[in-house]
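Working notes for the structure below.
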Amino acid sequence: MPDPIDFYFDFSSPYSYLASEQIDALAARHGRSVNYKPVLLGAVFKASGGVPLTESYGPKARYSVHDFERSARFAGIAYRHPSKFPIGAVAASRAVLWLQQHQPERATPFVHAVFRALFRDDRDVSDPAVVAEVAQAVGIDARRLLEAVQQQDVKDQLKTRVEEAVAFGMFGAPTIVVDGEVFWGNDRLPQIERWLSTGPF
């Protein structure tokens with residue numbers, strides 16, 4: 001079976017959200033699966049010298065918000081720019097890692113539910129209570145999940161994931177790795193499609 005597509009993301013990244021709404025279908029068209037890998041962009045930016053797009057200089061920040069919304073319309077994806085942005089989604093990110101180990105069938109639905117809670121419903125997914133509500137809505141025991149994300153081994157897993165991302169040179173999200181080839185950004189999905197269809201170019 002072909003290797004899965006590695007999808008490095010931060011829940012606070014609009015472009016990660018847009019790509020997450022399309023990557024599963026793209027992968028399935030080519031007999032691939034998607035390995036969702038949450039990271040914390042704050043830590044990645046610290047290592048790479050980057051900053052959130054909306055915290056860059058004025059024109060770029062304004063353009064970025066406009067482009068989030070325009071890119072969503074172009075892809076036919078519902079989007080509502082969050083009133084609180086950017087956020088830190090530590091609990092949600094740890095939850096993904098725990099679910100992948102203990103309830104793998106619920107991990108991907110949870111990823112999509114968290115993204116949609118933030119970028120469709122304007123819910124503050126930096127709040128563990130909101131994360132618990134989102135988890136409950138997709139059939140996950142919320143109390144058990146909140147206990148799990150406080151476990152030291154889960155905390156360490158997220159730290160290791162960030163270190164892994166920094167080590168291979170990640171500097172923004174989403175970063176998508178196909179057969180060892182790194183693609184950065186939602187706008188690289190057509191290139192990924194071609195790579196999977198015809199091979200390296």
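Return the residues of region 28-61 that are at positive phi and at pLDDT below 90; say none if nothing qualifies. The one that is at positive phi and at pLDDT below 90: G49. Within region 162-174, the set of residues being surrounded by fewer than 24 Cβ atoms within 10 Å (Cβ to Cβ) and over 13 Å from S48 (Cα atoms) comprises E164 only.
One line per residue, one yes/no per condition, for (1) touching a helix residue (DSSP H, G or I) at 6+ places or on another chain (Cβ under 7 Å); (2) at positive phi; (3) assigned to a loop (DSSP other than H, G, I, E, B); (4) in contact (Cβ under 8 Å) with a residue 60 or more places away in the chain:
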{"site": "Y63", "(1), (2), (3), (4)": "no, no, no, no"}
{"site": "A91", "(1), (2), (3), (4)": "yes, no, no, no"}
{"site": "V96", "(1), (2), (3), (4)": "yes, no, no, yes"}
{"site": "V111", "(1), (2), (3), (4)": "yes, no, no, yes"}
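Each row is one residue, and each column tells you yes or no for (1) within 19 Å of Y15 (Cα to Cα); (2) buried (at least 18 other Cβ atoms within 10 Å of the Cβ).
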| site | (1), (2) |
| --- | --- |
| N35 | yes, no |
| Y63 | yes, no |
| F68 | yes, yes |
| A75 | yes, no |
| L99 | no, yes |
| A117 | yes, yes |
| D124 | yes, no |
| E133 | no, no |
| Q136 | no, no |
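Among the residues of this structure, G50 counts as one that is surrounded by fewer than 18 Cβ atoms within 10 Å (Cβ to Cβ), in contact (Cβ under 8 Å) with a residue 40 or more places away in the chain and among the small types (G, A, S).
Pairing each residue of region 70-89 that is more than 12 Å from R116 (Cβ to Cβ) with any residue that is surrounded by fewer than 14 Cβ atoms within 10 Å (Cβ to Cβ) and modelled with pLDDT under 95, provided the two are 6+ apart or on different chains, yields C-beta distances under 8 Å for P86/E55.
To keep it simple, each residue is scored yes or no on (1) farther than 16 Å from F115 by Cβ; (2) touching a strand residue (DSSP E or B) at 6+ places or on another chain (Cβ under 9 Å); (3) outside any loop (DSSP other than H, G, I, E, B); (4) among the aromatic types (F, W, Y).
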| position | (1), (2), (3), (4) |
| --- | --- |
| Y8 | no, yes, yes, yes |
| L18 | no, no, yes, no |
| D24 | no, yes, yes, no |
| F45 | yes, no, yes, yes |
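Inspect region 114-125 for any residue being among the aliphatic types (A, V, I, L, M) and free of Cβ contacts under 8 Å to residues at least 12 places away in the same chain and give the result as yes or no. Taking every residue of region 114-125 in turn, none turns out to be among the aliphatic types (A, V, I, L, M) and free of Cβ contacts under 8 Å to residues at least 12 places away in the same chain. Residues in region 68-89 that are at pLDDT 95 or above and either basic (K, R) or not in a loop (DSSP other than H, G, I, E, B) (or both): F68, E69, R70, S71, A72, R73, F74, A75, R80. Among the residues of region 179-201 satisfying the criterion of being in contact (Cβ under 8 Å) with a residue 60 or more places away in the chain and within 16 Å of the chain's Cα centre (by Cα), which is surrounded by the most Cβ atoms within 10 Å (Cβ to Cβ)? That would be N186.
Between R106, R143, R123, the distinction of being in a helix (DSSP H, G or I), more than 19 Å from L41 (Cα to Cα) and within 17 Å of the chain's Cα centre (by Cα) belongs to R106 only.
Restricting attention to region 170-187, which residues are charged (D, E, K, R) and closer than 16 Å to S64 by Cβ?
Passing the criteria: only D187.
The set of residues in region 121-151 that are in contact with a helix residue (DSSP H, G or I) (Cβ under 7 Å, 6 or more places away or on another chain) and of a type in the set (G, A, S) comprises A132, A135, A137, G139, A142, A148.
The values are calculated or read from the model by the stated rules, or taken from the named source; none is laboratory data. Since this is a predicted model, take the numbers as computed values, not measurements. All Cβ positions, even for glycine, are placed from backbone atoms using ideal geometry, and neighbour counts span all protein chains on display.
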